[in-house]
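One structure below.
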Amino acid sequence: MVIAAIIFIINGLALLVRPAECMDALGIAISPELEWLCRMTSLVLISLGIHQATTSRHAGDPTFRRAAIFSLLTEFGFALFAYSGPGEATSLRWLIVGISTLLGLLYTITLPIKSIGIQEES
């Protein structure tokens, strides 16, 4: 979860500071309305990253599992929306699709393993 948290925070900061450059790199037409939306989205990404980092370090196992399920859905959602989003397919867009898919698969694989380990400890 920490890796995903770092990625969310970095992406959120990039969207907050340089929304036009981010949209251009994603192949999306730049407009003042979309720049505002990118800045609003950046706050959600930064908050999600902080939540993930805190949960992965300080939450109990049931809370961690619920957060991991949420993160799994979020990562696959990012991959789907990056793939099907408007604009041209750029290398950054494909990178987002690839990283989000890999993180989603990582959650899919590790969540049952962690759950089994928790049940064995009980």
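A few points about this structure:
- Mean separation of Cα pairs under 8 Å and 6 or more residues apart, divided by the residue count, gives segment 20-102 a relative contact order of 39 percent.
- Taking θ as phi - 60° and the Karplus parameters 6.51, -1.76 and 1.60, the scalar couplings of segment 51-60 work out to 4, 4, 4, 5, 5, 5, 9, 10, 8, x Hz in sequence order, x denoting glycine and proline.
- Whole-Å distance, taken between Cα centres, linking segment 90-113 and segment 1-58: 16 Å
- Couplings for segment 92-108, taken from phi via the Karplus curve 6.51 cos²θ - 1.76 cosθ + 1.60 with θ = phi - 60°, read 5, 4, 5, 5, 4, 4, x, 5, 5, 5, 5, 5, x, 5, 4, 5, 4 Hz in order; Gly and Pro are left as x.
- Helix content alone sets the calculated 222 nm mean residue ellipticity of the chain: runs of n ≥ 4 DSSP H residues at -39500 (n - 2.57) each, divided across all residues, give -30000 deg cm²/dmol.
- Stretch gain in nm, segment L73-V17, where the contour uses 0.36 nm per residue and the Cα spacing is subtracted: 17.5 nm
- Two-site FRET efficiency, R66 against I6, from Cβ-Cβ distance with R₀ of 25 Å, rounded to 0.05: 0.75
- Length gained on full extension, S91 to T110, computed as 0.36 nm times the residue gap minus the Cα-Cα distance: 4.0 nm.
- In order along segment 6-22, the Karplus-derived 3J(HN,Hα) couplings, from 6.51 cos²θ - 1.76 cosθ + 1.60 at θ = phi - 60°, round to 4, 4, 4, 5, 4, 4, x, 5, 5, 5, 6, 8, 10, x, 5, 5, 5 Hz, and Gly and Pro are given as x.
- In units of the rule-of-thumb radius 2.2 N^0.38 Å, segment 2-121 shows an alpha carbon radius of gyration of 1.16.
- Ranking of M23, M40, M1 by neighbouring Cβ atoms within 10 Å, starting from the fewest: M40, M23, M1.
- Difference of contour (0.36 nm per residue) and Cα-Cα distance, R57 to L37: 4.1 nm
Every number in this text was worked out from the coordinates using simple rules, so none of it is lab data. None of the values given here were measured: they were computed from a predicted structure. In this analysis, Cβ positions are derived from the backbone assuming ideal geometry, glycine residues included, and neighbour counts consider all displayed protein chains.
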